[in-house]
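Have a look at the structure below before the remarks.
The values are calculated or read from the model by the stated rules, or taken from the named source; none is laboratory data. For clarity, every value in this text was computed on a predicted model and none was experimentally measured. Methodologically, a virtual Cβ is constructed for each residue, glycine included, from the backbone with ideal geometry; neighbour enumeration extends over all protein chains shown.
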Amino acid sequence: MLFDNRIAELRAELTRHNQLYYQDAKPEIPDAGYDRLFRELEDLEKAHPELHDPNSPTQRVGGTPLDAFEQRPHLLPMLSIDDLFDEEEVAEFFKRLQKGLALETIPLTVEPKIDGVACSLVYRDGSLEYALTRGDGTRGDDISQNVRTIRNIPLTLENAPPLLEVRGEVFMPSEGFARLNEQRDEEGLDTFANPRNATAGTLKSLNPRTVAARPLAFLAHGLGDHEGTDMQTEDDFRKLLERFQIPCNAPIWHVETLEKVLAAIRELDVKRHDLGHGTDGAVIKVLDFDQRVTLGFTSRAPRWAAAFKYPPEQKETLLKEITIQVGRTGVLTPVAELEPLFVSGTTVSRATLHNQEEIERKDIRIGDTVLVEKAGEIIPSVVQVVTAKRPATAQPYHLPTVLNHQCPSCHGPIEKADGFVAWRCVNFECPAQAVTSITHFAGRKALDLDGLGESVAIKLVESKLASSPLDLFSLTAEDLANLLLDPAKSSDGLTKSKERRFGEKRATTLITSLKKARQEMPLSRWLFAMGISQIGESSARELSRLHEKLTDLVGSSIVSDLADLPDFEELQKSKRKKENHPRLQQYKIDDNLGPVAAQKLRAFFQSEAGLTVLTKLAELGIDPKSDNYVPDPEAGLEGLPLVGKSFVITGSLSAPRPEFKKLIEANGGKVSGSVSSKTDFLLSGEGGGSKRTKAESLDVPVIDEVTLKNMLSS
Ligand code: IVH
């Protein structure tokens, strides 16, 4: 059939483009072209569910969320590896190998120990059958759905053996980790302490779409079970990986003596900081598989491998000054200005101190000598103060006092809300925020205003054409066309040409996208664009699912209910608490939207700045509409006699039970299957059995048909 062929063709084609993009970094088609093929495949698959394939490229974006991970046994135990903490221990390990093999020199490999989460990939007949975490070594969690979203893992192998189990590490590349944390910081979510935690946290998510949105990657480092292959050494295994384009851990050293092992470990220590991902050691392995068999295993680890652990590098330096950064949402972040030092591969001269509380907890003072390390080898952080070296004059640091309670950028008032750690500038017109808030407002994920990047935003603010995002809607094409930009750099990058105008053409484009923003951009984009503290892309999306239009958010009872919940973390942990809040349970609010975000939103709409924005929007006639709104399941039920009442039905009645269920629901009530303390009434006919006994024991009123009918007419 035609669509069969087309589906197969599209799958192959998209797989090839994935490969070109994610592994070879040589894309052949533009993103839009890829998206078109992808959507065509998605549509065809939707129309032909019988042709579903878990390894179709469409599964890369994540399928349906799971309730829990299933466990599965490992084909072969997934063991741990012995750690070596200094060169002496490496020497002892080498001696054990010599003794075990009765050899003087032994072909070994040395490779980075990736700081990630171990994972086993099982390919059967060239198709990824499932993926497991290490678990207890014997059984692991089936994380197949999540693993399928990891772009550099091939889902299918060509001309593959009947069975191939590849083991390796799932990790988050340093750059992606830094970006994820930045984004979370901006959205007011907790940041991850290091890439390993971010990876583990992500893989534990039951929603594969969350995983798909995170920059995870995989590198193979070991062979598990296999059939129909002929491999004698680690090198054979690596050739096989290469043939199947399974990304493999690198670099690798081939060595045969203790001296060479130690040299490789030292070389790797220099190189490892440039690998783009966290490493915490060097793994030493016997190259030859027969020799591995000879050496065998202890109960917990192979005798033919060991991991040398590099000590985390910590160095002392002088904390010269504490400066304050004003963030996009007005958050004032204290930053340690350090005497530059070289640590874990780069020069560090600044480290965030996060907030006043953190400074107090560590008692950090200007003039202190501090110990600095890179968390997860990436983010510089001040570990602690070397108190012995504290100058007598050093005073405790108190951010609001130092700033004289003024924003360093606009001298506007600063405040710290109850329950929050951050001090913030609350002046909506703060110029430190104007450029960033306009740039953010115009961003691709916000209102996508064509041609309005940071440099243009700076000019708009400088020329006083705009001091806040909504001012953009009052701009005329003429204003814009005449806006003077910085001189363009000439092609040699040295000489400067004359100042440039923004120009008519770009002005028209920008005016068109402003019009589109005003008329077409959905609520979620607007909410995100407004740069309200704690409201990020995902929480904005969730808010727009729950509200029809922007003005519905003002005084929204959903937002209020959520804001008044004391502790969302707890709420998520204990299902009981969630049940205690019927409305929140009913809306199934996901973990992207918590009480803190709700509090921020409510506070914003009640603040002077928020009211100004609402007034301006009303004047402009803008009230963005949701594009994913799901109407309140109880909407329109108000005033019905049974609203908010929960029923259980039992016994034999004058009509089938579903009829009564319909009747109750039509009158605003709810029907559930079993009696609990939350049941308001048990509707019971003749008999009634255990439900009746239960209801009586819980003091739930038991009513008959006549009483029900009376309730309906009252
Ligand atoms: S080989 C039988 N090579 O470290 C175990 N493991 O602490 C042989 N790891 O569970 C493991 N990088 O997940 C090996 N290059 C590497 C590794 C590596 C990271 C992990 C692995 C293992 C853990 C042991």
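In the stretch 123-164, the residue that is nearest to Leu219 (Cα to Cα) out of those that are within 16 Å of the ligand (Cβ to nearest atom) and crowded, with 21+ Cβ neighbours inside 10 Å is Ile153.
Yes/no matrix, rows are residues, columns are (1) over 18 Å from Lys95 (Cα atoms); (2) within 13 Å of the ligand (Cβ to nearest atom); (3) among the hydrophobic types (A, V, I, L, M, F, W, C); (4) touching a Gly at 6+ places or on another chain (Cβ under 9 Å):
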residue	(1), (2), (3), (4)
Lys239	yes, no, no, no
Ala250	yes, yes, yes, no
Trp253	yes, yes, yes, no
Asp269	yes, no, no, no
Ile284	no, yes, yes, no
Leu295	no, yes, yes, yes
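The C-beta contact set for the stretch 268-281 (first residue in contact (Cβ under 8 Å) with a residue 60 or more places away in the chain, second residue of a type in the set (Asp, Glu) and part of a helix (DSSP H, G or I), distance under 8 angstrom, 6+ apart or interchain) comprises Gly276/Glu175. Taking first residues from the stretch 389-412 that are of a type in the set (Ser, Thr, Tyr) and partners that are at pLDDT 95 or above and assigned to a loop (DSSP other than H, G, I, E, B), the Cβ contacts under 9 Å between residues at least 6 apart in sequence or on separate chains come to Thr393/Gly367; Tyr397/Asp363; Tyr397/Ile364; Tyr397/Arg365; Tyr397/Ile366. With respect to Thr329, is the statement that it is among the β-branched types (Val, Ile, Thr) and modelled with pLDDT of 95 or more true? Answer is no for this residue.
Across the stretch 84-95, the qualifying residues are those that are modelled with pLDDT of 95 or more and either on the phi > 0 side of the Ramachandran plot or within 16 Å of the ligand (Cβ to nearest atom) (or both), and the one among them that is nearest to the chain's Cα centre (by Cα) is Leu84. Within the group Asp288, Asp274, Asp280, which residue is closer than 28 Å to Thr346 by Cα and more than 13 Å from the ligand (Cβ to nearest atom)? Result: Asp274 is the single residue among Asp288, Asp274, Asp280 that is closer than 28 Å to Thr346 by Cα and more than 13 Å from the ligand (Cβ to nearest atom). Take Thr105 and decide whether it is hydroxyl-bearing (Ser, Thr, Tyr) and under 21 Å from His221 (Cα atoms). The answer is no for Thr105.
For (1) touching a strand residue (DSSP E or B) at 6+ places or on another chain (Cβ under 9 Å); (2) buried (at least 17 other Cβ atoms within 10 Å of the Cβ); (3) more than 23 Å from Lys616 (Cα to Cα); (4) modelled with pLDDT of 90 or more, each residue gets a yes or a no:
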| site | (1), (2), (3), (4) |
| --- | --- |
| Lys516 | no, no, no, yes |
| Arg525 | no, yes, no, yes |
| Ala529 | no, yes, no, yes |
| Ile532 | no, yes, no, no |
| Ser539 | no, yes, yes, yes |
| His547 | no, yes, no, yes |
| Ile558 | no, yes, yes, no |
| Leu562 | no, yes, yes, no |
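Determine whether the stretch 488-504 contains at least one residue that is at pLDDT below 90, of a type in the set (D, E, K, R) and assigned to a helix (DSSP H, G or I). Within the stretch 488-504, none of the residues are at pLDDT below 90, of a type in the set (D, E, K, R) and assigned to a helix (DSSP H, G or I). The listed residues are Gly188, Gly168, and the only one of them that is under 23 Å from the mean Cα position of the chain (by Cα), modelled with pLDDT under 95 and either not in a loop (DSSP other than H, G, I, E, B) or not basic (Lys, Arg) (or both) turns out to be Gly188.
Taking into account only those residues within the stretch 299-316 that are assigned to a strand (DSSP E or B) and either farther than 28 Å from Glu373 by Cβ or within 10 Å of the ligand (Cβ to nearest atom) (or both), which is modelled with the lowest pLDDT? Restricting to residues being assigned to a strand (DSSP E or B) and either farther than 28 Å from Glu373 by Cβ or within 10 Å of the ligand (Cβ to nearest atom) (or both), the top hit is Lys309.
Search the stretch 564-594 for residues being assigned to a loop (DSSP other than H, G, I, E, B) and closer than 24 Å to Asn628 by Cα, and hand back the single one that is modelled with the lowest pLDDT. Residue satisfying both the conditions and the ranking: His581.
Based on what the data block shows, is Gln245 away from the ligand (no atom under 13 Å from the Cβ) and either touching a Phe, Trp or Tyr at 6+ places or on another chain (Cβ under 9 Å) or charged (D, E, K, R) (or both)? Answer is no for this residue. The listed residues are Gly639, Gly621, and the only one of them that is at pLDDT 80 or above, on the phi > 0 side of the Ramachandran plot and of a type outside the set (A, V, I, L, M, F, W, C) turns out to be Gly621. Of the residues contained in the stretch 107-118, one or more are found to be outside any helix (DSSP H, G or I), of a type outside the set (Gly, Ala, Ser) and away from the ligand (no atom under 16 Å from the Cβ). Has the stretch 173-181 got at least one residue that is touching a residue at least 60 places away in the same chain (Cβ under 8 Å), touching a strand residue (DSSP E or B) at 6+ places or on another chain (Cβ under 7 Å), of a type outside the set (A, V, I, L, M) and within 16 Å of the ligand (Cβ to nearest atom)? Yes: the stretch 173-181 contains one or more residues that are touching a residue at least 60 places away in the same chain (Cβ under 8 Å), touching a strand residue (DSSP E or B) at 6+ places or on another chain (Cβ under 7 Å), of a type outside the set (A, V, I, L, M) and within 16 Å of the ligand (Cβ to nearest atom).
Criterion first (within 16 Å of the ligand (Cβ to nearest atom), among the polar types (S, T, N, Q) and in contact (Cβ under 8 Å) with a residue 40 or more places away in the chain) does Thr210 satisfy it? Here the answer is no, as Thr210 does not meet what is asked.
With respect to the conditions (1) modelled with pLDDT under 95; (2) within 15 Å of the ligand (Cβ to nearest atom); (3) in a loop (DSSP other than H, G, I, E, B); (4) not small (Gly, Ala, Ser), Arg196 falls short on a single one, namely (3).
The residues in the stretch 72-83 that are away from the ligand (no atom under 12 Å from the Cβ) and assigned to a loop (DSSP other than H, G, I, E, B) can be counted, and the count is 1. Among the residues of this structure, Asp627 does not count as one that is in contact with a Lys or Arg (Cβ under 8 Å, 6 or more places away or on another chain), in contact (Cβ under 8 Å) with a residue 40 or more places away in the chain and within 25 Å of Gly536 (Cβ to Cβ).
Within the set Asp67, Asp43, the sole residue that is out of contact with any strand residue (DSSP E or B) (no Cβ under 6 Å at 6 or more places or on another chain), farther than 21 Å from Leu157 by Cα, away from the ligand (no atom under 16 Å from the Cβ) and not in a helix (DSSP H, G or I) turns out to be Asp67. For the stretch 246-274, which residues satisfy the criterion of being surrounded by 14 or more Cβ atoms within 10 Å (Cβ to Cβ) and at pLDDT below 95? Hits for the stretch 246-274 are Asp269, Arg272, His273. A Cβ distance below 9 Å, combined with a sequence gap of six or more or placement on separate chains, defines the contacts here; from the stretch 93-105, residues that are in contact (Cβ under 8 Å) with a residue 60 or more places away in the chain and assigned to a loop (DSSP other than H, G, I, E, B) reach residues that are of a type in the set (Ser, Thr, Tyr) and surrounded by fewer than 17 Cβ atoms within 10 Å (Cβ to Cβ) in the pairs Thr105/Thr257.
Taking the criterion of being surrounded by fewer than 16 Cβ atoms within 10 Å (Cβ to Cβ), assigned to a loop (DSSP other than H, G, I, E, B) and out of contact with any Lys or Arg (no Cβ under 7 Å at 6 or more places or on another chain), the only residue of the stretch 283-298 that qualifies is Thr298. I'd like to know if the stretch 402-410 contains one or more residues that are more than 28 Å from Glu339 (Cβ to Cβ) and surrounded by fewer than 17 Cβ atoms within 10 Å (Cβ to Cβ). For the stretch 402-410, residues more than 28 Å from Glu339 (Cβ to Cβ) and surrounded by fewer than 17 Cβ atoms within 10 Å (Cβ to Cβ): present.
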